[in-house]
1. Rounded to the nearest 0.05, what FRET efficiency do residue 117 and residue 508 give with R0 = 60 Å and r taken as the Cβ-Cβ distance? Could you check?
2. For the chain, what is one quarter of the convex hull surface built on the Cα atoms, given in nm²?
3. Looking at the square roots a ≥ b ≥ c of the eigenvalues of the Cα gyration tensor of the stretch 50-125, which shape do they give, rounded for a/c under 1.5, prolate if a/b is larger than b/c, or oblate?
4. Ignoring chymotrypsin sites (Phe, Trp or Tyr not before Pro) that are buried or in helix or strand per DSSP, and keeping those with at most 14 other beta carbon atoms within 10 Å, what is the longest stretch of the chain between them?
5. Run the paramagnetic zone check for residue 222: 7 angstrom along Cα to Cβ, then residues of the stretch 238-264 with backbone nitrogen under 20 Å.
6. At what distance in nm do the modelled label points of residue 144 and residue 234 sit from each other, each positioned 7 Å from its Cα along Cα→Cβ?
7. What nm value, rounded to one decimal, do you get for the distance between residue 494 and residue 125 when each label is placed 7 Å out toward the C-beta?
8. Can you send over the carbon and sulfur percentage of the accessible area for the stretch 244-381, probe radius 1.4 Å, protein chains only?
Amino acid sequence: MDSSFCWCLIIVVGLVGHFVDGGGGSSPPVVVRGTVFINGSVGIAKTDANFICATLDWWPPEKCDYGTCSWGHASLLNLDLNNTILVNAVRAFWPLKIRLGGTLQDKVIYDVGASGKSCNSFVVNASEMFGFSQGCLPMARWDQLNKFFQRTRATVIFGLNALNGRVTLKDGSVGGPWNSSNAEALIRYTIDHRYRIHGWELGNELSGRGIGASIGADQYASDVASLHNMIHNLYRGSRVKPLVIAPGGFFDAAWYQELIIKSKRNLMDVITHHIYNLGPGVDEHLIEKILDPAYLDGEAKVFSDLQGILRSASTSTRAWVGEAGGAYNSGRNLVTNSFVFSFWYLDQLGMSSKFDTKAYCRQSLIGGNYGLLNTTTFQPNPDYYSALLWHRLMGRVVLSTTFSGTSSIRAYAHCAKNFRGITLLLINLSSNTTVQAVVTSESYKQTAEVTEVGRMPGAWRKGGQTREEYHLTAKDGNLHSHTVLLNGKALDVSQSGRIPAFNPIIVSEREPISIVPFSIVFARIPYIDPYPCRI
(Lines give C-alpha, C1' and ligand atoms only; values in the text may rest on other atoms or scores of the structure.)
Protein backbone atom coordinates (compact mmCIF):
# COMPACT_ATOMS: atom_id res chain seq x y z
CA MET A 1 0.00 0.00 0.00
CA ASP A 2 1.30 3.50 -0.89
CA SER A 3 2.39 5.07 2.41
CA SER A 4 1.55 8.53 1.04
CA PHE A 5 -2.14 7.64 0.84
CA CYS A 6 -4.09 8.57 3.95
CA TRP A 7 -6.66 5.92 4.89
CA CYS A 8 -9.23 7.47 7.16
CA LEU A 9 -12.71 6.90 8.47
CA ILE A 10 -15.30 9.64 8.77
CA ILE A 11 -18.49 9.60 10.74
CA VAL A 12 -20.83 12.35 9.67
CA VAL A 13 -23.45 13.35 12.17
CA GLY A 14 -26.41 15.07 10.60
CA LEU A 15 -29.09 17.35 11.97
CA VAL A 16 -32.19 15.23 11.49
CA GLY A 17 -34.73 16.87 13.72
CA HIS A 18 -35.61 18.99 16.73
CA PHE A 19 -38.20 17.80 19.24
CA VAL A 20 -39.93 19.76 21.96
CA ASP A 21 -40.22 18.21 25.40
CA GLY A 22 -43.58 18.86 27.02
CA GLY A 23 -42.10 18.49 30.53
CA GLY A 24 -41.91 21.94 32.08
CA GLY A 25 -38.46 23.37 32.70
CA SER A 26 -36.39 20.55 31.19
CA SER A 27 -34.33 21.12 28.07
CA PRO A 28 -35.95 19.95 24.82
CA PRO A 29 -34.28 16.93 23.19
CA VAL A 30 -32.27 17.71 20.07
CA VAL A 31 -30.16 16.01 17.45
CA VAL A 32 -26.86 17.70 16.62
CA ARG A 33 -24.46 17.87 13.72
CA GLY A 34 -20.87 16.82 14.16
CA THR A 35 -18.04 14.62 12.86
CA VAL A 36 -15.98 11.79 14.24
CA PHE A 37 -12.75 11.44 12.31
CA ILE A 38 -10.66 8.28 12.52
CA ASN A 39 -7.31 8.30 10.78
CA GLY A 40 -6.69 4.67 9.90
CA SER A 41 -3.35 5.15 8.17
CA VAL A 42 -1.41 3.89 11.19
CA GLY A 43 -2.14 2.63 14.66
CA ILE A 44 -1.21 5.20 17.31
CA ALA A 45 -0.76 2.75 20.21
CA LYS A 46 -1.10 -0.88 21.18
CA THR A 47 -2.46 -2.42 24.38
CA ASP A 48 -1.87 -5.83 25.91
CA ALA A 49 -4.14 -8.55 24.59
CA ASN A 50 -5.76 -8.67 28.02
CA PHE A 51 -5.91 -4.94 28.68
CA ILE A 52 -8.70 -5.22 31.25
CA CYS A 53 -7.50 -5.83 34.79
CA ALA A 54 -9.22 -5.74 38.19
CA THR A 55 -7.92 -5.73 41.74
CA LEU A 56 -8.46 -7.76 44.86
CA ASP A 57 -7.63 -5.93 48.08
CA TRP A 58 -6.67 -6.71 51.68
CA TRP A 59 -9.25 -4.55 53.47
CA PRO A 60 -11.03 -6.40 56.32
CA PRO A 61 -14.74 -5.89 57.13
CA GLU A 62 -13.81 -3.22 59.70
CA LYS A 63 -12.61 -0.85 56.97
CA CYS A 64 -15.05 2.08 57.08
CA ASP A 65 -15.21 5.46 55.34
CA TYR A 66 -17.49 8.34 56.29
CA GLY A 67 -19.42 6.05 58.63
CA THR A 68 -20.03 3.37 55.97
CA CYS A 69 -18.34 -0.04 56.01
CA SER A 70 -18.50 -1.23 52.41
CA TRP A 71 -15.93 -4.03 52.19
CA GLY A 72 -17.69 -6.94 53.86
CA HIS A 73 -16.01 -10.26 53.12
CA ALA A 74 -14.28 -9.15 49.93
CA SER A 75 -10.71 -9.36 51.22
CA LEU A 76 -8.06 -11.63 49.77
CA LEU A 77 -8.18 -13.31 53.18
CA ASN A 78 -11.92 -13.99 53.43
CA LEU A 79 -13.52 -13.80 49.97
CA ASP A 80 -15.73 -16.80 49.10
CA LEU A 81 -13.67 -18.24 46.25
CA ASN A 82 -16.30 -20.91 45.53
CA ASN A 83 -19.10 -18.47 44.77
CA THR A 84 -20.50 -19.50 41.39
CA ILE A 85 -21.09 -15.97 40.13
CA LEU A 86 -17.56 -14.92 41.09
CA VAL A 87 -16.04 -17.92 39.32
CA ASN A 88 -18.12 -17.36 36.19
CA ALA A 89 -17.49 -13.60 36.22
CA VAL A 90 -13.72 -14.10 36.14
CA ARG A 91 -13.88 -16.99 33.68
CA ALA A 92 -15.88 -14.87 31.24
CA PHE A 93 -12.75 -12.84 30.41
CA TRP A 94 -10.59 -15.85 29.73
CA PRO A 95 -8.26 -14.42 30.93
CA LEU A 96 -8.75 -11.57 33.37
CA LYS A 97 -5.69 -9.85 34.82
CA ILE A 98 -6.07 -9.66 38.60
CA ARG A 99 -3.78 -7.46 40.67
CA LEU A 100 -3.54 -8.48 44.33
CA GLY A 101 -2.67 -5.52 46.50
CA GLY A 102 -3.75 -2.22 47.96
CA THR A 103 -3.13 0.03 50.92
CA LEU A 104 -2.46 -2.72 53.46
CA GLN A 105 -0.08 -4.76 51.28
CA ASP A 106 2.93 -3.02 52.86
CA LYS A 107 1.75 -4.31 56.25
CA VAL A 108 1.39 -7.95 55.20
CA ILE A 109 3.87 -10.64 56.21
CA TYR A 110 3.82 -14.08 54.59
CA ASP A 111 3.65 -17.11 56.87
CA VAL A 112 6.50 -18.95 55.22
CA GLY A 113 10.20 -19.24 55.90
CA ALA A 114 11.81 -17.63 58.93
CA SER A 115 9.58 -14.56 59.22
CA GLY A 116 9.95 -14.67 62.99
CA LYS A 117 6.48 -13.23 63.47
CA SER A 118 3.10 -14.66 64.40
CA CYS A 119 0.55 -14.96 61.63
CA ASN A 120 -2.16 -12.65 62.94
CA SER A 121 -5.15 -11.07 61.23
CA PHE A 122 -5.48 -7.33 60.70
CA VAL A 123 -6.89 -5.60 63.80
CA VAL A 124 -8.23 -2.06 64.02
CA ASN A 125 -5.66 0.17 65.72
CA ALA A 126 -6.03 3.93 65.33
CA SER A 127 -2.41 4.53 66.36
CA GLU A 128 -1.04 2.46 63.48
CA MET A 129 -0.49 3.53 59.88
CA PHE A 130 -3.75 3.15 57.93
CA GLY A 131 -5.59 2.35 61.18
CA PHE A 132 -4.76 -1.36 61.27
CA SER A 133 -2.14 -3.58 62.83
CA GLN A 134 0.14 -5.78 60.77
CA GLY A 135 -1.60 -8.66 58.98
CA CYS A 136 -0.53 -12.00 57.59
CA LEU A 137 -1.07 -14.25 54.58
CA PRO A 138 -1.22 -17.94 55.65
CA MET A 139 0.09 -20.33 53.03
CA ALA A 140 -3.12 -22.34 53.25
CA ARG A 141 -4.96 -19.25 51.98
CA TRP A 142 -2.31 -18.68 49.29
CA ASP A 143 -2.97 -22.24 48.13
CA GLN A 144 -6.73 -21.57 47.99
CA LEU A 145 -6.22 -18.37 46.05
CA ASN A 146 -4.00 -20.07 43.49
CA LYS A 147 -6.47 -22.89 43.00
CA PHE A 148 -9.09 -20.22 42.27
CA PHE A 149 -6.77 -18.53 39.77
CA GLN A 150 -6.09 -21.84 38.07
CA ARG A 151 -9.78 -22.66 37.95
CA THR A 152 -10.68 -19.31 36.39
CA ARG A 153 -7.50 -18.98 34.25
CA ALA A 154 -6.79 -15.58 35.75
CA THR A 155 -3.51 -13.79 35.10
CA VAL A 156 -2.09 -12.80 38.49
CA ILE A 157 -0.02 -9.83 39.64
CA PHE A 158 1.01 -9.88 43.30
CA GLY A 159 1.88 -6.72 45.24
CA LEU A 160 4.77 -7.30 47.63
CA ASN A 161 5.37 -5.60 50.98
CA ALA A 162 8.01 -2.94 50.25
CA LEU A 163 8.32 -1.56 53.79
CA ASN A 164 10.11 -4.53 55.37
CA GLY A 165 13.39 -3.41 56.90
CA ARG A 166 12.81 0.32 56.53
CA VAL A 167 13.64 2.97 59.11
CA THR A 168 11.85 6.27 59.59
CA LEU A 169 13.90 9.32 58.58
CA LYS A 170 13.76 12.85 59.99
CA ASP A 171 11.69 14.18 57.08
CA GLY A 172 9.00 11.56 57.73
CA SER A 173 9.94 9.36 54.79
CA VAL A 174 11.34 5.88 55.23
CA GLY A 175 14.83 4.84 54.26
CA GLY A 176 17.24 1.97 54.29
CA PRO A 177 17.23 -0.97 51.88
CA TRP A 178 14.27 -3.27 51.42
CA ASN A 179 14.47 -6.47 53.46
CA SER A 180 13.43 -8.94 50.77
CA SER A 181 13.81 -12.16 52.78
CA ASN A 182 10.10 -12.69 53.48
CA ALA A 183 9.17 -11.86 49.88
CA GLU A 184 11.83 -14.28 48.64
CA ALA A 185 10.38 -17.04 50.85
CA LEU A 186 6.92 -16.43 49.36
CA ILE A 187 8.26 -16.49 45.81
CA ARG A 188 10.19 -19.72 46.49
CA TYR A 189 7.04 -21.31 47.90
CA THR A 190 5.11 -20.16 44.84
CA ILE A 191 7.68 -21.66 42.47
CA ASP A 192 7.85 -24.92 44.42
CA HIS A 193 4.08 -25.29 44.11
CA ARG A 194 4.16 -24.41 40.40
CA TYR A 195 1.82 -21.45 40.83
CA ARG A 196 1.99 -19.09 37.89
CA ILE A 197 2.45 -15.41 38.66
CA HIS A 198 2.44 -12.96 35.76
CA GLY A 199 4.22 -10.24 37.70
CA TRP A 200 5.56 -9.27 41.13
CA GLU A 201 4.91 -5.63 42.01
CA LEU A 202 6.96 -3.82 44.64
CA GLY A 203 5.06 -1.56 47.03
CA ASN A 204 1.84 0.43 47.06
CA GLU A 205 1.58 4.25 46.92
CA LEU A 206 5.05 4.95 48.32
CA SER A 207 6.11 7.18 45.40
CA GLY A 208 6.50 10.95 45.61
CA ARG A 209 5.04 12.20 48.88
CA GLY A 210 3.47 8.79 49.40
CA ILE A 211 0.31 7.75 51.22
CA GLY A 212 1.17 6.94 54.82
CA ALA A 213 4.86 6.53 53.98
CA SER A 214 7.22 7.48 51.17
CA ILE A 215 10.52 6.21 49.78
CA GLY A 216 13.02 8.22 47.73
CA ALA A 217 13.27 7.35 44.05
CA ASP A 218 16.99 6.56 44.34
CA GLN A 219 16.36 3.96 47.06
CA TYR A 220 13.33 2.60 45.20
CA ALA A 221 15.44 2.09 42.08
CA SER A 222 17.92 0.08 44.15
CA ASP A 223 15.08 -2.03 45.55
CA VAL A 224 13.69 -2.65 42.05
CA ALA A 225 17.11 -3.92 41.03
CA SER A 226 17.06 -6.27 44.03
CA LEU A 227 13.65 -7.60 43.00
CA HIS A 228 14.82 -8.02 39.41
CA ASN A 229 17.88 -9.99 40.49
CA MET A 230 15.82 -12.13 42.85
CA ILE A 231 13.32 -13.05 40.13
CA HIS A 232 16.11 -13.66 37.62
CA ASN A 233 17.83 -16.06 40.03
CA LEU A 234 14.78 -17.82 41.44
CA TYR A 235 13.25 -18.39 38.01
CA ARG A 236 16.56 -19.40 36.43
CA GLY A 237 15.86 -21.97 33.76
CA SER A 238 12.20 -20.99 33.41
CA ARG A 239 11.06 -20.34 29.88
CA VAL A 240 8.98 -17.34 30.99
CA LYS A 241 9.86 -15.16 33.96
CA PRO A 242 7.35 -12.98 35.85
CA LEU A 243 7.36 -9.26 35.18
CA VAL A 244 9.13 -6.86 37.52
CA ILE A 245 6.59 -4.15 38.32
CA ALA A 246 6.79 -0.92 40.38
CA PRO A 247 5.96 1.40 42.07
CA GLY A 248 2.14 1.20 42.25
CA GLY A 249 1.88 4.85 43.29
CA PHE A 250 0.48 8.22 42.33
CA PHE A 251 2.24 9.87 39.42
CA ASP A 252 4.86 12.43 40.39
CA ALA A 253 6.76 13.43 37.26
CA ALA A 254 10.12 14.18 38.89
CA TRP A 255 10.03 11.09 41.11
CA TYR A 256 8.95 8.78 38.26
CA GLN A 257 11.59 10.20 35.95
CA GLU A 258 14.30 9.60 38.54
CA LEU A 259 13.06 6.05 39.11
CA ILE A 260 13.16 5.31 35.39
CA ILE A 261 16.62 6.78 34.91
CA LYS A 262 18.16 5.09 37.96
CA SER A 263 16.47 1.74 37.39
CA LYS A 264 18.53 1.36 34.23
CA ARG A 265 17.27 -0.21 31.05
CA ASN A 266 15.44 -3.55 31.24
CA LEU A 267 15.44 -3.88 35.05
CA MET A 268 11.79 -2.84 35.40
CA ASP A 269 9.31 -4.35 32.95
CA VAL A 270 6.26 -2.30 33.96
CA ILE A 271 5.80 1.04 35.68
CA THR A 272 2.40 1.43 37.35
CA HIS A 273 0.45 4.43 38.55
CA HIS A 274 -2.88 4.89 40.34
CA ILE A 275 -5.85 7.09 39.44
CA TYR A 276 -8.40 8.61 41.82
CA ASN A 277 -8.92 11.84 39.91
CA LEU A 278 -12.53 12.41 41.04
CA GLY A 279 -11.55 13.10 44.64
CA PRO A 280 -12.99 11.55 47.82
CA GLY A 281 -16.03 9.30 47.74
CA VAL A 282 -17.83 11.76 50.01
CA ASP A 283 -17.68 14.48 47.33
CA GLU A 284 -21.22 15.57 46.42
CA HIS A 285 -20.10 16.65 42.94
CA LEU A 286 -18.89 13.32 41.60
CA ILE A 287 -21.57 13.05 38.93
CA GLU A 288 -20.95 16.61 37.76
CA LYS A 289 -17.27 15.73 37.29
CA ILE A 290 -18.07 12.49 35.47
CA LEU A 291 -20.34 14.29 33.00
CA ASP A 292 -17.95 17.21 32.42
CA PRO A 293 -15.83 16.60 29.29
CA ALA A 294 -13.29 19.22 30.37
CA TYR A 295 -12.81 17.50 33.72
CA LEU A 296 -12.40 14.11 32.06
CA ASP A 297 -9.79 15.54 29.69
CA GLY A 298 -7.66 16.63 32.64
CA GLU A 299 -6.28 13.14 33.22
CA ALA A 300 -4.77 13.02 29.71
CA LYS A 301 -1.75 15.01 30.93
CA VAL A 302 -0.73 12.23 33.32
CA PHE A 303 -0.82 9.62 30.55
CA SER A 304 1.02 11.94 28.18
CA ASP A 305 3.71 12.97 30.68
CA LEU A 306 4.44 9.38 31.69
CA GLN A 307 4.80 8.29 28.07
CA GLY A 308 7.08 11.26 27.47
CA ILE A 309 9.36 10.11 30.30
CA LEU A 310 9.48 6.56 28.94
CA ARG A 311 10.25 7.72 25.41
CA SER A 312 12.98 10.13 26.48
CA ALA A 313 14.65 7.40 28.55
CA SER A 314 14.64 4.97 25.61
CA THR A 315 13.55 2.23 27.96
CA SER A 316 11.67 -0.99 27.31
CA THR A 317 9.59 -0.33 30.45
CA ARG A 318 5.90 0.00 29.64
CA ALA A 319 3.07 1.71 31.50
CA TRP A 320 0.04 0.24 33.24
CA VAL A 321 -2.66 1.80 35.35
CA GLY A 322 -2.14 -0.40 38.40
CA GLU A 323 -5.19 0.72 40.37
CA ALA A 324 -8.06 3.06 39.53
CA GLY A 325 -11.24 3.50 41.52
CA GLY A 326 -12.00 7.05 40.44
CA ALA A 327 -13.08 8.24 43.89
CA TYR A 328 -10.84 7.34 46.82
CA ASN A 329 -11.84 6.03 50.23
CA SER A 330 -13.93 3.20 48.77
CA GLY A 331 -15.93 5.25 46.27
CA ARG A 332 -19.55 6.28 46.71
CA ASN A 333 -22.64 4.07 46.77
CA LEU A 334 -25.08 4.70 43.89
CA VAL A 335 -22.36 6.50 41.94
CA THR A 336 -19.17 4.44 41.55
CA ASN A 337 -21.17 1.19 41.49
CA SER A 338 -23.98 2.44 39.25
CA PHE A 339 -24.56 3.04 35.55
CA VAL A 340 -23.22 6.61 35.53
CA PHE A 341 -19.75 5.38 36.41
CA SER A 342 -19.42 3.55 33.10
CA PHE A 343 -19.06 6.97 31.46
CA TRP A 344 -15.94 7.64 33.54
CA TYR A 345 -14.62 4.08 33.35
CA LEU A 346 -14.95 3.52 29.60
CA ASP A 347 -13.60 7.00 28.92
CA GLN A 348 -10.58 6.12 31.06
CA LEU A 349 -10.06 2.89 29.12
CA GLY A 350 -10.28 4.74 25.83
CA MET A 351 -8.08 7.64 26.90
CA SER A 352 -5.37 5.54 28.55
CA SER A 353 -5.12 3.18 25.57
CA LYS A 354 -4.44 6.16 23.26
CA PHE A 355 -1.30 6.84 25.27
CA ASP A 356 0.07 3.32 24.88
CA THR A 357 -1.04 2.13 28.32
CA LYS A 358 -0.79 -1.66 28.17
CA ALA A 359 -3.20 -2.62 30.98
CA TYR A 360 -5.77 -0.90 33.20
CA CYS A 361 -6.55 -2.34 36.64
CA ARG A 362 -9.92 -1.35 38.06
CA GLN A 363 -10.30 -0.99 41.82
CA SER A 364 -11.90 -3.33 42.50
CA LEU A 365 -13.16 -6.67 41.20
CA ILE A 366 -15.22 -6.86 44.38
CA GLY A 367 -15.22 -4.75 47.53
CA GLY A 368 -15.89 -1.15 48.47
CA ASN A 369 -18.43 0.93 46.57
CA TYR A 370 -16.52 0.69 43.30
CA GLY A 371 -16.46 -3.07 42.75
CA LEU A 372 -17.29 -4.57 39.39
CA LEU A 373 -19.27 -7.08 41.43
CA ASN A 374 -21.65 -6.37 44.32
CA THR A 375 -19.84 -7.04 47.59
CA THR A 376 -22.73 -8.95 49.17
CA THR A 377 -24.58 -10.64 46.30
CA PHE A 378 -21.69 -10.94 43.80
CA GLN A 379 -24.10 -9.69 41.12
CA PRO A 380 -22.32 -7.70 38.40
CA ASN A 381 -22.57 -3.93 38.58
CA PRO A 382 -22.88 -2.01 35.28
CA ASP A 383 -19.12 -1.50 34.94
CA TYR A 384 -18.58 -5.26 34.89
CA TYR A 385 -20.55 -5.49 31.67
CA SER A 386 -18.79 -2.41 30.27
CA ALA A 387 -15.44 -4.06 30.98
CA LEU A 388 -16.46 -7.37 29.45
CA LEU A 389 -17.80 -5.71 26.30
CA TRP A 390 -14.52 -3.82 25.92
CA HIS A 391 -12.56 -7.03 26.46
CA ARG A 392 -14.51 -8.89 23.79
CA LEU A 393 -14.82 -6.14 21.18
CA MET A 394 -11.86 -3.75 21.38
CA GLY A 395 -8.67 -5.08 19.85
CA ARG A 396 -5.09 -4.16 20.67
CA VAL A 397 -4.41 -1.58 17.94
CA VAL A 398 -5.63 1.93 18.77
CA LEU A 399 -6.70 4.29 15.97
CA SER A 400 -6.50 8.09 16.10
CA THR A 401 -9.98 9.48 16.75
CA THR A 402 -11.35 13.01 17.06
CA PHE A 403 -14.87 14.42 17.26
CA SER A 404 -16.17 17.85 16.36
CA GLY A 405 -19.67 19.23 16.69
CA THR A 406 -20.49 18.71 20.36
CA SER A 407 -18.33 18.20 23.42
CA SER A 408 -20.79 15.68 24.88
CA ILE A 409 -19.56 12.85 22.64
CA ARG A 410 -16.48 10.85 23.59
CA ALA A 411 -15.24 8.72 20.69
CA TYR A 412 -12.63 5.95 20.56
CA ALA A 413 -11.81 3.32 17.95
CA HIS A 414 -9.65 0.20 17.89
CA CYS A 415 -9.16 -2.59 15.42
CA ALA A 416 -11.84 -5.16 16.20
CA LYS A 417 -10.80 -8.03 18.46
CA ASN A 418 -10.56 -11.40 16.69
CA PHE A 419 -12.74 -9.96 13.95
CA ARG A 420 -12.30 -8.11 10.70
CA GLY A 421 -12.65 -4.32 10.73
CA ILE A 422 -12.91 -1.89 13.63
CA THR A 423 -14.83 -1.42 16.85
CA LEU A 424 -16.06 2.07 17.62
CA LEU A 425 -16.95 3.26 21.12
CA LEU A 426 -19.22 6.30 21.44
CA ILE A 427 -20.18 7.77 24.83
CA ASN A 428 -22.93 10.40 25.05
CA LEU A 429 -22.61 12.54 28.19
CA SER A 430 -25.59 14.74 27.28
CA SER A 431 -28.97 14.49 28.99
CA ASN A 432 -30.95 15.67 25.98
CA THR A 433 -28.88 15.39 22.80
CA THR A 434 -29.19 12.46 20.41
CA VAL A 435 -26.46 11.92 17.85
CA GLN A 436 -26.97 10.00 14.63
CA ALA A 437 -23.72 8.93 13.08
CA VAL A 438 -23.06 7.64 9.58
CA VAL A 439 -19.87 5.73 8.92
CA THR A 440 -17.94 6.06 5.68
CA SER A 441 -14.39 5.34 4.55
CA GLU A 442 -12.87 8.31 2.78
CA SER A 443 -9.63 10.10 2.03
CA TYR A 444 -9.21 13.68 3.21
CA LYS A 445 -10.22 15.09 -0.19
CA GLN A 446 -13.29 12.89 -0.47
CA THR A 447 -14.52 13.91 2.99
CA ALA A 448 -15.87 17.24 1.79
CA GLU A 449 -18.16 15.50 -0.69
CA VAL A 450 -20.21 13.87 2.09
CA THR A 451 -22.85 16.39 3.10
CA GLU A 452 -25.95 14.55 4.21
CA VAL A 453 -26.87 11.73 6.53
CA GLY A 454 -26.69 8.33 4.92
CA ARG A 455 -24.86 9.41 1.79
CA MET A 456 -21.69 7.57 0.78
CA PRO A 457 -19.93 7.89 -2.59
CA GLY A 458 -20.72 4.92 -4.76
CA ALA A 459 -17.06 3.99 -5.20
CA TRP A 460 -16.84 3.23 -1.47
CA ARG A 461 -20.20 1.61 -0.90
CA LYS A 462 -20.52 -2.17 -0.75
CA GLY A 463 -24.21 -2.79 -0.61
CA GLY A 464 -25.86 -5.24 1.76
CA GLN A 465 -23.22 -5.17 4.49
CA THR A 466 -24.08 -4.93 8.16
CA ARG A 467 -22.53 -4.06 11.50
CA GLU A 468 -23.17 -5.08 15.11
CA GLU A 469 -24.30 -2.52 17.66
CA TYR A 470 -24.38 -2.80 21.45
CA HIS A 471 -26.31 0.04 23.13
CA LEU A 472 -25.96 0.45 26.90
CA THR A 473 -28.49 2.50 28.88
CA ALA A 474 -29.60 2.71 32.50
CA LYS A 475 -32.73 0.93 33.66
CA ASP A 476 -35.65 3.40 33.75
CA GLY A 477 -33.22 6.10 32.64
CA ASN A 478 -31.87 6.29 36.21
CA LEU A 479 -28.14 7.03 36.21
CA HIS A 480 -27.92 5.65 39.76
CA SER A 481 -29.29 2.27 38.69
CA HIS A 482 -27.33 -0.90 39.37
CA THR A 483 -29.00 -2.47 36.33
CA VAL A 484 -27.81 -1.85 32.79
CA LEU A 485 -29.83 -2.48 29.64
CA LEU A 486 -28.21 -3.89 26.52
CA ASN A 487 -30.23 -2.93 23.48
CA GLY A 488 -33.19 -2.33 25.77
CA LYS A 489 -33.00 -5.62 27.72
CA ALA A 490 -31.69 -5.95 31.28
CA LEU A 491 -28.45 -7.85 31.73
CA ASP A 492 -29.04 -10.32 34.55
CA VAL A 493 -27.13 -13.33 35.81
CA SER A 494 -29.14 -16.55 35.44
CA GLN A 495 -30.38 -18.53 38.44
CA SER A 496 -27.47 -20.90 37.93
CA GLY A 497 -25.01 -18.00 38.13
CA ARG A 498 -24.26 -17.81 34.42
CA ILE A 499 -23.11 -14.47 32.97
CA PRO A 500 -25.61 -13.36 30.29
CA ALA A 501 -24.82 -13.40 26.58
CA PHE A 502 -24.26 -10.13 24.73
CA ASN A 503 -26.64 -10.11 21.78
CA PRO A 504 -26.09 -7.23 19.37
CA ILE A 505 -28.55 -5.65 17.03
CA ILE A 506 -27.64 -6.05 13.36
CA VAL A 507 -27.82 -2.83 11.40
CA SER A 508 -27.42 -2.10 7.71
CA GLU A 509 -24.43 0.01 6.71
CA ARG A 510 -26.93 2.45 5.19
CA GLU A 511 -28.40 3.25 8.62
CA PRO A 512 -26.82 5.81 10.95
CA ILE A 513 -25.68 4.91 14.46
CA SER A 514 -28.03 6.53 16.94
CA ILE A 515 -26.51 7.50 20.28
CA VAL A 516 -29.34 8.56 22.56
CA PRO A 517 -28.80 10.79 25.62
CA PHE A 518 -26.82 9.27 28.51
CA SER A 519 -25.94 6.15 26.56
CA ILE A 520 -22.93 4.16 25.40
CA VAL A 521 -22.59 2.41 22.05
CA PHE A 522 -20.09 -0.16 20.84
CA ALA A 523 -20.30 -0.69 17.08
CA ARG A 524 -18.32 -3.51 15.46
CA ILE A 525 -17.91 -2.62 11.80
CA PRO A 526 -16.44 -5.30 9.53
CA TYR A 527 -16.73 -3.34 6.28
CA ILE A 528 -14.29 -0.70 7.53
CA ASP A 529 -10.92 -2.45 7.41
CA PRO A 530 -7.96 -0.05 7.73
CA TYR A 531 -4.43 -1.17 6.99
CA PRO A 532 -3.24 -1.40 10.65
CA CYS A 533 -6.04 -3.89 11.33
CA ARG A 534 -4.81 -6.29 8.65
CA ILE A 535 -1.28 -6.78 9.93
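1. 0.35
2. That works out to 26.3 nm², a quarter of the Cα hull's surface.
3. oblate
4. It runs 67-459.
5. 245-248, 255-264
6. 2.3 nm
7. Using points 7 Å along Cα→Cβ, the separation is 4.9 nm.
8. 50 percent
The values are calculated or read from the model by the stated rules, or taken from the named source; none is laboratory data. Everything numeric here is computed off the predicted structure, so don't read it as measured data. Virtual Cβ from ideal backbone geometry, glycine too; neighbours counted across all protein chains shown. SASA here: full protein model, heavy atoms, side chains in, ligands and nucleic acids out. Shrake-Rupley method; radii C 1.70, N 1.55, O 1.52, S 1.80 Å.
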